[in-house]
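Visitor: Quick one: the structure is below, questions incoming.
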């Protein structure tokens, strides 16, 4: 799920999806994401997407 503030509604979710899709092309990022042992670790890896 992608949530954005109502003030940023519109196409903000598309910008986030674009950033995530670019990051998912990085093999190291994918490896760290799939190797994350728990939810907190997954969130930590996803916080790199900016």
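Visitor: Given the residues 50, 32, which is the only one that is surrounded by 12 or more Cβ atoms within 10 Å (Cβ to Cβ) and either at pLDDT 95 or above or out of contact with any strand residue (DSSP E or B) (no Cβ under 9 Å at 6 or more places or on another chain) (or both)?
Guide: Answer to the check: 32.
Visitor: A further question follows. Does residue 44 meet the test of being at pLDDT 95 or above, part of a helix (DSSP H, G or I), surrounded by 12 or more Cβ atoms within 10 Å (Cβ to Cβ) and out of contact with any strand residue (DSSP E or B) (no Cβ under 6 Å at 6 or more places or on another chain)?
Guide: Yes, satisfied.
Visitor: How many residues are loosely packed, with under 12 Cβ neighbours inside 10 Å and either assigned to a helix (DSSP H, G or I) or in contact (Cβ under 8 Å) with a residue 24 or more places away in the chain (or both) when one looks only at region 9-29?
Guide: Selection size over region 9-29: 6.
The values are calculated or read from the model by the stated rules, or taken from the named source; none is laboratory data. It should be emphasised that the depicted structure is a prediction, and the values quoted were computed from it without experimental measurement. Here the Cβ is made from the backbone with ideal geometry for all residues, glycine too, and neighbour counts use every protein chain on show.
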